[in-house]
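Taking it in order: structure first as structure tokens, then the write-up.
The values are calculated or read from the model by the stated rules, or taken from the named source; none is laboratory data. Being a predicted model, the structure only gives us computed values, none of them experimental. Positions of Cβ are backbone-derived with ideal geometry, glycine not excepted, and every protein chain shown enters the neighbour counts. All accessible areas refer to the heavy atoms of the entire protein, side chains included, with ligands and DNA or RNA removed. Shrake-Rupley method; radii C 1.70, N 1.55, O 1.52, S 1.80 Å.
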Amino acid sequence: MLEVFELSRDIDFHKKSVSQTQEEAIAGVTSGKIGMGESVTWRGRHFGVFLTHESKITAFKSPSLFTDEMVSGKFKSFKHEHFFSKIGNTTEMKDIL
């Protein structure tokens, strides 16, 4: 479970997983793992245009949950909760937006 939790907060892994949107971390934590109270600003192609979105980690309990919330961006608000649980020999991750 810890391995999945660690990968999910890894900026470099995220960049690889969303390469189709050309997302880049342009400010804040731009590489490595992000943690409680830290922020990252992403720039990527969504809905046919480039958008910039700054998120901050507002809740963090390793290895079971973390939450990132929009600090600035095009949406009125954006809260992304990540929950991790062990099911047998696998890890389940639930995202709530």
Which lysines have a Cα lying under 22 Å from the Cα of Lys86, excluding residues fewer than 8 positions away in the same chain?
-> Lys33, Lys61, Lys94
Using a Förster distance of 30 angstrom, determine the FRET efficiency expected from the C-beta separation of Ile26 and Asn89, and round it to 0.05.
-> 0.20
Amide H contacts of Phe50 (H built 1.01 Å from N, under 5 Å, at least 5 apart or other chain) | none
Gain in length, Ser19 to Leu97, computed as 0.36 nm per residue apart minus the alpha-carbon separation, to one decimal in nm?
-> 26.0 nm
Go ahead and set up a Gaussian network model of the chain, Cα springs under 10 Å, then flag whichever of Lys16, Lys79, Lys33 fluctuates most.
-> Lys16
The chain accessible area per residue, 1.4 Å probe, protein heavy atoms, integer Å², reads 64 Å²
Taking all protein chains together and a probe of 1.4 Å, list His14, His80 from the most accessible to the least accessible.
-> His14, His80
Answer with a single label: of (1) 42, 25, 23; (2) 41, 25, 18; (3) 36, 28, 22, which was calculated as Cα extents along the principal axes in Å from the structure in view?
-> (1)
Per-peptide average of other Cβ atoms within 10 Å, ordering 22-28, 53-59 highest first | 53-59, 22-28
With every protein chain in place, the chain: carbon and sulfur % of accessible area (1.4 Å) | 53 percent
Given a Förster distance of 35 angstrom, what is the FRET efficiency for Asp12 paired with Lys76, based on the Cβ-Cβ distance and rounded to 0.05?
-> 0.70
